[in-house]
Amino acid sequence: MEIVPTGNETITEFVLLGFYDIPELHFLFFIVFTAVYVFIIIGNMLIIVAVVSSQRLHKPMYIFLVNLSFLEILYTSAVMPKMLEGFLQEATISVAGCLLQFFIFGSLATAECLLLAVMAYDRYLAICYPLHYPLLMGPRRCMGLVVTTWLSGFMVDGLVVALVAQLRFCGPNHIDQFYCDFMPLVGLACSDPRVAQVTTLVLSVFCLTIPFGLILTSYGRIVVAVLRAPAGASRRKAFSTCSSHLAVVTTFYGTLMILYVAPSAVHSQHLSKVFSLLYTVVTPLFNPVIYTLRNKAVHQALRKILCIKQTLD
């Protein structure tokens, strides 16, 4: 990245403004979001430990769930420490650090978009083609899908970061967001950002709308299959599970689409920060609960872990 002097000064760092306009709430926000961050880490770590430690959970559905939990631990950890710092003091980040944060967070968020689609497709195969499921979602295909989601995320956002790194920044250096996001960052560029903006728009449309369409199609076919089954507790459970998953997925995809595909729909930076909180904090907070709420196998594995811990104590 070319760093251009402004007057006698050279930009070496950015200032993340975060929620600077409500300082009276900073301490409360610090307490609340620290508790949320700890819950996200512990909740997702418990899922990972439960699946890894239980042989009966070594199935595609739970392998995808472990990767989802790992993704959310990493991408919330890429954003929330700086956000928490901003509640206590001025949060500064170097230019290189800003690009690195944007790359890590963006790559993991893109990978999660793809992984959620893979998880919906996996459930569609398991419910609609139960007899063929072991063949359709064998170990090799399962791992291939996992690796593809991770690599695709880093490749897509690597291209975006490479384009942003070519921009010239000559001041001001205040980013009106609690992390290094694309729109606030390119808004500070002195050189023409249109190539980066158009490329990001095209990639966002591709990486958001296609997986979201696959999710809606998968759940739509699941609903049709469930409706054909006899009414009973299993049908109610399936509908409850699908509705819970769709609620979280829609929140995650909906906010990303608004911010990256149709940014003009957000008329204020305050609203942009609220939408950003939805997919950086709220979705990772509820995913561990939603995806394990009615899962007896995970509950049993967790109880076994807790019982062993109590025995050792």
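Structure notes:
- Summed over qualifying helices (DSSP H, 4 residues or more, each -39500 (n - 2.57)) and divided by its residue number, the chain shows a 222 nm mean residue ellipticity of -24000 deg cm²/dmol.
- Tilt relative to the chain, helix 26-53 - C-alpha long axis, 0 to 90 degrees, to 10: 40 degrees
- Segments 69-80, 28-39 sorted - mean Cβ within 10 Å per residue, highest first: 69-80, 28-39
- Heavy-atom accessible area order for Thr250, Thr12, Thr255, Thr92, largest first, 1.4 Å probe: Thr12, Thr250, Thr92, Thr255
- Residue with peak Gaussian network fluctuation, the chain [Cα springs, cutoff 10 Å], from Val261, Val147, Val282: Val147
- Note on surface exposure: Asp176, Asp192 rank Asp192, Asp176 by accessible area, highest first, 1.4 Å probe.
- To the nearest ten degrees, helix 194-228 and the longest principal axis of the Cα atoms of the chain are 20 degrees apart.
- Residue-span extension gain [Leu159 to Val202] - 0.36 nm each, minus C-alpha spacing: 14.3 nm
- Extension gain, Phe29-Cys307: 0.36 nm per intervening residue step, less the Cα-Cα distance, totals 96.6 nm.
- Cα-based helix-to-principal-axis angle, 139-164 vs the chain, degrees rounded to 10: 10 degrees
- The number of Lys pairs in region 13-311 with C-alpha atoms less than 26 Å apart, excluding pairs fewer than 8 positions apart on the same chain, is 9.
- Figure note: Glu24, Glu85 ranked by solvent-accessible area, largest first, 1.4 Å probe, ligands and nucleic acids not counted: Glu24, Glu85.
- With all protein chains modelled, accessible area of Tyr20 [1.4 Å, Å²]: 120 Å²
- Backbone N atoms of region 165-180 closer than 18 Å to the 7 Å Cα→Cβ label point of Leu100 belong to residues 165-166, 179-180.
- With a simple spin-label model that places each label point 7 Å from the Cα along the Cα-to-Cβ direction, the separation between Leu135 and Arg56 comes to 2.8 nm.
- Scaled against the 2.2 N^0.38 Å expected of a compact globular protein of N residues, the Cα radius of gyration of the chain reads 1.09.
The values are calculated or read from the model by the stated rules, or taken from the named source; none is laboratory data. As the structure is a prediction and not an experimental result, all values here were calculated from the model. Reconstructed Cβ throughout: ideal geometry from the backbone, glycine too, with neighbour counts over all protein chains shown. Quick note on the areas: whole protein, heavy atoms, side chains included, nothing else; ligands and nucleic acids left out. Shrake-Rupley method; radii C 1.70, N 1.55, O 1.52, S 1.80 Å.
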